[in-house]
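Engineer: Input: one structure, supplied below.
Here, each number is a calculation from the coordinates, and none is a lab measurement. Not measured: the values here are computed from a predicted model. Positions of Cβ are backbone-derived with ideal geometry, glycine not excepted, and every protein chain shown enters the neighbour counts.
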Amino acid sequence: MARLSAEEKIQPHWWTKSLAGAVLGLTFAFAVVGIFAWYGPGGIQAPNKVQFNMWMISPVWLLILSFSFLFRTGMRAVLILGTANLIAWATFLLLRYTL
């Protein structure tokens, strides 16, 4: 079995990964739940959907925070989660102003 080189191993950049998962994960969770809230079944006016959306932010955020430690480096976590945020928020705003 071949050993991994130093570049192939997951690096312990805990502070960067934690901040990326906490801050960028939360903003990504807001975007994903916002898209579902506005454009999911029944739209924003669906009964009881507000409560469901509020409670869905935490599991989505914690899932992203948990998986942020699997990135190889902290900078890669920031870049990928930042890109995911840009795509999610651009999608939300594009849908918001076109529909």
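Engineer: Quick query: amide H of residue 13 versus all other amide H atoms, modeled in the peptide plane; which residues come in under 5 Å with a sequence gap of 5 or more or a different chain?
Structural biologist: Residues meeting the amide H criterion: 74.
Engineer: How do 28, 92 line up, fewest other C-beta atoms within 10 Å first?
Structural biologist: On the way: 28 22, 92 18.
With the fewest neighbours first, 28, 92 line up as 92, 28.
Engineer: I'd like the orientation of helix 74-98 relative to the chain: the angle between its Cα long axis and the longest Cα principal axis, in ° from 0 to 90, rounded to 10.
Structural biologist: Helix 74-98 and the main axis of the chain meet at about 20 degrees.
Engineer: Taking the Cβ of each residue in 38, 14 as the centre, tally the other Cβ atoms inside 10 Å and list the residues starting with the fewest. Spell out each step's value before the answer.
Structural biologist: Numbers: 38 14, 14 10.
In order of increasing Cβ crowding within 10 Å: 14, 38.
Engineer: Taking springs between alpha-carbon atoms closer than 10 angstrom, which of 40, 25, 82 fluctuates most in the Gaussian network model of the chain?
Structural biologist: 40
Engineer: For the chain, modelled as a Gaussian network with Cα springs under 10 Å, which listed residue fluctuates most, 36, 69, 52?
Structural biologist: The residue with the greatest mean-square fluctuation here is 52.
Engineer: Now for a different question. For the stretch 27-98, how big is the tail of P(r) above 16 Å, as a whole percent of Cα pairs? Spell out each step's value before the answer.
Structural biologist: On the way: 1387 of 2556 pairs.
Everything past 16 Å amounts to 54 percent.
Engineer: Right, something else. Which order do 18, 66, 5 fall in if you start with the one that has the fewest other Cβ atoms within 10 Å?
Structural biologist: On the way: 18 16, 66 11, 5 7.
Arranged by neighbour count, lowest to highest, 18, 66, 5 become 5, 66, 18.
Engineer: Okay, next question. Please compute the contact order of the chain in relative form: average sequence separation of alpha-carbon pairs under 8 Å and at least six residues apart, divided by the residue count, as a percent. Write out the running numbers ahead of the final one.
Structural biologist: Values: 87 pairs, mean separation 46.9, N = 99.
Relative CO of the chain lands at 47 percent.
Engineer: While we're looking at this one, here's another question. Hey, in the GNM for the chain with a 10 angstrom Cα cutoff, which one of 57, 35, 87 fluctuates hardest?
Structural biologist: 87
Engineer: Sticking with this structure for a sec: On a 0 to 90° scale, report how tilted helix 25-39 is relative to the longest principal axis of the chain, with both axes built from alpha carbons and the result rounded to the nearest 10.
Structural biologist: 30 degrees
Engineer: Okay, moving on. Given Cβ point charges of +1 (Lys, Arg) and -1 (Asp, Glu) and nothing else, what value in debye, to the nearest 20, does the dipole of the chain about its Cα centre take? Write out the running numbers ahead of the final one.
Structural biologist: On the way: 7 positive and 2 negative charges, 16 e Å.
That gives a dipole near 80 debye.
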